[in-house]
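The values are calculated or read from the model by the stated rules, or taken from the named source; none is laboratory data. The structure presented is a predicted model; accordingly, all values stated were derived computationally and were not measured. Backbone-built Cβ (ideal geometry, glycine too); neighbour counts: all protein chains shown. The protein model used for the area step is the full one, side chains on, heavy atoms only, and it has no ligands, DNA or RNA in it. Shrake-Rupley method; radii C 1.70, N 1.55, O 1.52, S 1.80 Å.
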Amino acid sequence: FDPRHYLGTHCYGFPKTGPHRLRFLLESVKDLRETLRKKGSTLVVRKGKPEAVVRDLITQLGSVSAVAFHEEVREISEW
């Protein structure tokens, strides 16, 4: 969980993630973790800036050959 997602937005100061969205995210992560556990796997959940958290995980694991990620769209393009 990236703490920056819980700050106000640039334009209007509204939180990017309000209480309802946060509850949905937490329930979704909990469900995903349980589903993976039933299949013999697990889910790593961390709080922090992704660029630091992923770096630390790679260092801890030591034998990572690939990392995939999704970048959030920051601006809406004009049509």
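Structure above, values below:
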| read-out | value |
| --- | --- |
| Whole-percent carbon and sulfur share, accessible surface of the range 3-61, 1.4 Å | 61 |
| Computed FRET value (nearest 0.05) for Arg46 with His20, which takes r as the C-beta separation and R₀ as 30 Å | 0.85 |
| Exposure rank, largest accessible area first [Thr59, Thr17; 1.4 Å] | Thr59, Thr17 |
| Accessible surface ranking that places the most exposed of Asp31, Asp56 first, with a 1.4 angstrom probe | Asp31, Asp56 |
| Point-to-point label distance, Asp2-Asp56, nm (Cα→Cβ direction, 7 Å offset) | 1.7 |
| Estimated distance in nm for a label pair at Ala68 and Lys39, the labels positioned 7 Å out from Cα along Cα-to-Cβ | 1.2 |
| The range 3-61: C-alpha gyration tensor shape, a/c 1.5 cut-off, then a/b vs b/c | oblate |
| Amide H partners (placed H, <5 Å) of Lys16, local residues excluded | Leu7, Thr9 |
| Where the range 1-56 is the region considered: accessible area per residue in Å², 1.4 Å probe | 85 |
